[in-house]
Every structure is written in structure tokens, then in C-alpha cells.
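Each value in this text was obtained by applying a stated rule to the coordinates, not by laboratory testing. Quick caveat: nothing in here was measured; it's all calculated off a predicted structure. Cβ sites come from the backbone with ideal geometry, for glycine too, and all protein chains shown count toward neighbours.
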Amino acid sequence: MKRYLATVEELKAGLAAKAVCVIDARRVPAYDGGHIPGAVMLDIFEHHWPDTTPRGVRAFVWQMGEVMRRVGVTNTKRVVAYDDESGMFAARLAWVLDWLGHPDAAMLDGGMKAWVAAGGKVSKEVARAERSAWLPRPDASKVIRADQIKRELKSLTVVDTRTPEEYAGTHVRAARGGTIPGAIPVHYVENVRAGKFKPLAEMRAMYEAAGVTQDQDIVLLCNGGYRSAHTYFALRMCGYKKVRNYYAAWQEWGNLPGLPVEVPRKKK
């Protein structure tokens, strides 16, 4: 089973052995304020891609391959991505690598806060990576396009990882508000407690209580593929095998006419 999380102790050991590539997935000011020594900065939030047409997917694969080569990603070292806590930026970066075929991409559980709390050193020296020759090998089972969702919707379980307001259409971040018809709302922040992922048994129980079970073909939705990447990791850690991230998310779905939208009614 893949190890989707790295502990602070594992990261320290990997750094000492020079066996890990550490990527800071936070915004630039956070990196400049102090980071894990040797961590290369990659502001993953700059890389939205609201296009899942076949051509759009190919372009996104090319772009992400170029970005990962620039920060020195190779298949010979484990990649550990982190942000302030076990958050969506690290999840998005690690998910991209998982989708594109990296054999060992993980998040640092607890992020920078856990590192500091454990006495980890902090640096303000900008780390420079040697450009690699890494080539993406995308796994189609980990991503889904808008046309596929529309065609297969009756057989899919869509999990909406956004806020309750986005799901209900009261907070609109595209041309249309609401959700994909039939979507089950589970806000991604419910995956964590005190900055770290909840115990797996607790997360499994939470998703099963919401009606998300391991026999289903699951599609994850948010607004730009970050929160859904976080839930991707949560579900995969819990043993769910059929999980696909709709990375273009509501930025694509809510802005394309002809795609079905549901505005859930408030429960009385």
C-alpha cells in the first residue's frame, strides 16, 4: 500500500540520508518567512487548469511535467510536499505527482507547524534544485473529464468537498452556483483535526455515514482541484480504490453551459 503521508521523523531521516526531495507548496511569502532546510519552493496555487478536454488534459500534463522537472523531481527519491498543516496545497502537489506516475509522493502530516513543534530547523536560504529529466506517465484512473462525468453521472458518486455555502449555491464562484446533481457534501476540512489527518477508522466512519462507500465509483469536486486532492488522499488512505479527482472542478463545470447543475434545497 502506498504511503501517502510522511511523518516529521521520516522526513528528518530521509533528509539525513539525502533520499528525499522536499517541496514547499505554500505561497511565496510563507516560504520566505522560513522553511524546511533544503526545501524547494513551488507555489502550486499558481497552476490552475480549468480545462478537461482531451487537449486540455494533455496541455496540463505537459505543464506539470515541466514544473516538476524544474524543481528536481526524479523517480529515485521520495517526494514530500508540505504546507502550513496537512492542507490542500500539499495535497494538490502530491496528487499531481501521484496522477503523473511518481512512485512515492507524499504529504508531510501536520506540515510546517508539526515540523517546528518537533524541533525541526528552519531556514530562510533559498534552495536551488538541479533540473531533472523526469517524464510524466499519467494514470487515467486517477482523473476524470467533464464529458465523462456528464456521460456517466448516473453510475458515479460525486463528493463535493467545498464549503456548505458553495455546495448550496449561496457562495457563487463561477457563472452558475450549486453543485453537480446528486453530489454528496463532505467539506474537506472534516478530514483533519489539529492540523493533521484524523485516524483512518474515524475518517472511514465519517464517509460511510455520509453514504460514500468503497464499492462506489467516486468523483471528487471542489473549485480548483485542491480541496478535492485533499479528499483523494483521505479516501485512498482509507482503502478506497475507485477515486478520481475532477481537477478542473467548478471553475470548469460552473462556467460551461450545457452541464447539469443542481441547487440543493435546504432541509426543513
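Of note:
- The listed residues are 184, 180, and the only one of them that is hydrophobic (A, V, I, L, M, F, W, C) and buried (at least 21 other Cβ atoms within 10 Å of the Cβ) turns out to be 180.
- Boolean, residue 261 is under 13 Å from the mean Cα position of the chain (by Cα) and of a type in the set (A, V, I, L, M): no
- Of the candidates 156, 135, the single residue that is out of contact with any Leu (no Cβ under 6 Å at 6 or more places or on another chain), over 16 Å from residue 41 (Cβ atoms) and surrounded by 14 or more Cβ atoms within 10 Å (Cβ to Cβ) is 156.
- Residues (more than 20 Å from the chain's Cα centre (by Cα), surrounded by fewer than 16 Cβ atoms within 10 Å (Cβ to Cβ) and not aliphatic (A, V, I, L, M)) located in region 1-37: 9, 18, 29, 32, 33, 34, 37
- Helices (runs of 4 or more DSSP H) fully within region 158-268 that include at least 2 residues being of a type in the set (S, T, N, Q): 227-237.
- Lone qualifier among 194, 249, 234 - being crowded, with 22+ Cβ neighbours inside 10 Å, within 21 Å of residue 106 (Cβ to Cβ) and not hydroxyl-bearing (Ser, Thr, Tyr): 234
- Against the list (1) surrounded by 22 or more Cβ atoms within 10 Å (Cβ to Cβ); (2) farther than 23 Å from residue 189 by Cα; (3) of a type in the set (Gly, Ala, Ser), the condition residue 59 fails is (1).
- Counting only helices (runs of 4 or more DSSP H) that sit completely within region 23-122, those holding 2 or more residues that are touching a strand residue (DSSP E or B) at 6+ places or on another chain (Cβ under 6 Å), under 30 Å from residue 256 (Cα atoms) and touching a residue at least 40 places away in the same chain (Cβ under 8 Å) correspond to 88-99.
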